[in-house]
Every structure is written in C-alpha cells, then in structure tokens.
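> Just dropping this structure here.
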Amino acid sequence: MKSYGERLPPIRADHDQIRSVFSNIIKNAIEAMPVGGVIVIITSLAGGDTPSTARFVRTEISDSGVGIPKDIAEQIFNPYFTTKSEGTGLGLALAYRIVQDHGGEISFSTSADGTTFVIDLPSYRP
C-alpha cells in the first residue's frame, strides 16, 4: 500500500447502493466476531503507480473474526446462499452485483484469523 499524502480521487457511484455494499460487509464482519474483535478499514489507490494514473479507489475491510470456511467460500456471492438462520442470502450477492455494475471488482481473502474484503471502484477523472 502506498501513501501519497493526497486525497483520493472521487468515484462516480450511486450513494445509496455503495452505502449498502459497505453496510452489508461491515454488518457481516460484526457478526463474525460475536465476542468482540477489530474491524479495520483502509482506503488507497490501486491500478497505477501515481495518484494521477491510479485506475481504482480501493477499500479494504478486515475483521478479526473466525474466517469463512473453505467449503463455503466459493458460494458466498451466490444469491440466497446463507449460513444464518435469519438471513436471506442476498446481502453479498447484491454487493457483488452493485460493485460490478459500477465497473469495479470485489474479492476477499480469509483465514482462521479473519476475513478481508477488497472493493475496487473506478476512479473518476472528469
């Protein structure tokens, strides 16, 4: 991660949709830590060597929860897939679709020490 001491460039996005992406991921992170833990959110530039050439604004949301079991990791973005007794299984599927509809990418890495979601949204340069 590079720090340039500058503000991140803007993104062109629907405010409510992007809010729902971040809300869902943060809510899931909280639920992955039932006895407490740490959530870290980092923003940076991605896809370029300098602020003026960066193609994406990256947001990483990490939790210190139990991680996502390997046997279900490939399914978490599928509609109606849930491990929760009261969930609909639409939250991460919608987050995935919203990010893609905005020209971005969403991915994650997970271990027994927690999960990190990475959201890359295209930077907007008028």
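What follows draws every value from the coordinates through simple rules; no lab data is involved. Computed from a predicted structure; not experimentally measured. Neighbour counts run over all protein chains shown; Cβ positions are idealised from the backbone, glycine included.
> Name the pairs whose Cβ atoms lie under 6 Å apart, with the first residue in segment 78-106 and free of Cβ contacts under 8 Å to residues at least 24 places away in the same chain and within 12 Å of I119 (Cβ to Cβ), the second of a type outside the set (S, T, N, Q) and part of a loop (DSSP other than H, G, I, E, B), and 6 or more positions between them or separate chains?
Y96/F77
> Name every residue in segment 21-36 that is over 11 Å from the mean Cα position of the chain (by Cα), of a type in the set (G, A, S) and loosely packed, with under 14 Cβ neighbours inside 10 Å, in order of residue number.
G36
> Mind checking which residues of segment 45-92 are more than 19 Å from S111 (Cα to Cα), hydrophobic (A, V, I, L, M, F, W, C) and within 17 Å of the chain's Cα centre (by Cα)?
Residues satisfying the conditions are L45, A46, F56, V57, L90.
> In addition: Restricting to segment 55-77, count the residues that are free of Cβ contacts under 8 Å to residues at least 60 places away in the same chain and among the aromatic types (F, W, Y).
1
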